[in-house]
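These notes are about the structure you will find just below.
Read the figures in this text as sums done on the coordinates, not as results from a lab. Here the structure is a predicted model, which is why all the values come from computation and not from measurement. Every residue, glycine among them, receives a Cβ derived from its backbone with ideal geometry; neighbour counts consider all protein chains shown.
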Amino acid sequence: MTDGLEGGGGGTDTLFCGAGVDLLKAPRPDRTTDPWTPVPRGTAGGAMRGTRERRPAASPAPCQSRRLAQSAPMTAPPLPALLLGLAGLLPFLWGALTTLSPSLHLWGAQTLGPRFVGPYVQLFYGAVILSFMSGVLWGFATRTTGSRAAAGYALSVIPALWAFFFTGGGPTSAATYLAAGFAGLLLLDWQFARWGLAPDWWMPLRTGLTAIVLLCLAPVIF
């Protein structure tokens, strides 16, 4: 960089780029916003008085960008959890189909057995799922301590006890109690998520799965 090639150095600096063919003219920086800051005498890199050091431009640190990305809530469930959750709906869907279709019900009873068609597969499997979800909520409760942990442990056993006491009657009444159990389970999911014990994607996944379960139980109830 040379000073004064244009008007005796009064207003611009001429910057030579590449091999000197392209010339770029840039205004001389103002003293109030000068990116060149003096280095105190006697410090490293500034032994000579008046030596100036270039102030680096601010840029976001990579680790800070990663922390910001990780702190953003992830509402989409992980693929394994989504696939396994959808696979868990198959017995409910099969039970609803065999309830609505007498021919399919007959074929399933002859092929798989009467326990695996109609409302019976839904009731047996639904009681197992309520008990399984009690274990999941118990695991959430282990993430906290004190009175909140005690409340979490107490709430987590409700789905299993509900299935044990209320799903042993006839198909219609058992399916009604089972549907009420899944609706209540969704409220427990919401409470554990409200306490910050469930992942961010938990409620979107559980809401969708619960809605499908209730729709599958509707043909048995009504």
Which ³J(HN,Hα) values in Hz, rounded to whole numbers, follow from the phi angles of the range 97-111 under the Karplus curve 6.51 cos²θ - 1.76 cosθ + 1.60, where θ = phi - 60° and Gly and Pro get x?
-> 5, 6, 6, 7, 10, x, 5, 5, 4, 5, 4, x, 5, 6, 8
Peptides ranked, highest mean first, by Cβ atoms within 10 Å: ranges 82-89, 130-137 | 130-137, 82-89
Other-chain or far-sequence residues with amide H under 5 Å of ALA198's (modelled H) | ALA193
For the range 79-221, what is the convex hull volume of the alpha-carbon atoms per residue, in Å³?
-> 98
Separation between the LEU82 and ARG194 pseudo-spin-labels, each 7 Å from Cα along Cα→Cβ, expressed in nm?
-> 2.8
Could you give me the ³J(HN,Hα) list for the range 173-182, computed from phi with Karplus coefficients 6.51, -1.76, 1.60 and θ = phi - 60°, whole Hz, x at Gly and Pro?
-> 5, 5, 5, 5, 5, 5, 4, 5, x, 6
Amide H to amide H under 5 Å from SER101: which residues, 5+ apart in sequence or cross-chain, H placed 1.01 Å off N in plane?
-> none
